[in-house]
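The values are calculated or read from the model by the stated rules, or taken from the named source; none is laboratory data. The structure presented is a predicted model; accordingly, all values stated were derived computationally and were not measured. Because the Cβ atoms are built from the backbone with ideal geometry, glycine has one as well, and the counts that use them run over all protein chains shown.
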């Protein structure tokens, strides 16, 4: 009887986590490639919406023809689009990390205090 309770509770508890991960992927997944491929906010929003529709409907379609769930396919499509957009954009920068690398280093403590 205990095993039946565990089998019933495990998917019920995991469903919330899977739902949160899917929502996070649908929020971040389309926006990241759109940021890499466009230079204006308006075009980025439109491309992000188009990518979200493609990934959602593509995931539902793939789930219909396979035994895998829609959440897997939506996440897989989101994860596959970003490297493709990075390759298509031709930019070598990595966003904030490039900006941090190109800024001059902060002065050392010895220069601030005058001790040497």
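Taking (1) under 15 Å from residue 79 (Cβ atoms); (2) assigned to a helix (DSSP H, G or I); (3) free of Cβ contacts under 8 Å to residues at least 40 places away in the same chain in turn, residue 21 satisfies each apart from (3). Against the conditions (1) loosely packed, with under 12 Cβ neighbours inside 10 Å; (2) under 15 Å from the mean Cα position of the chain (by Cα), residue 36 satisfies every one except (1). Note on segment 30-116: enclosed helices (runs of 4 or more DSSP H) holding 1 or more residues that are modelled with pLDDT under 90, out of contact with any helix residue (DSSP H, G or I) (no Cβ under 6 Å at 6 or more places or on another chain) and farther than 29 Å from residue 17 by Cβ are 41-65, 70-89, 96-102, 109-113.
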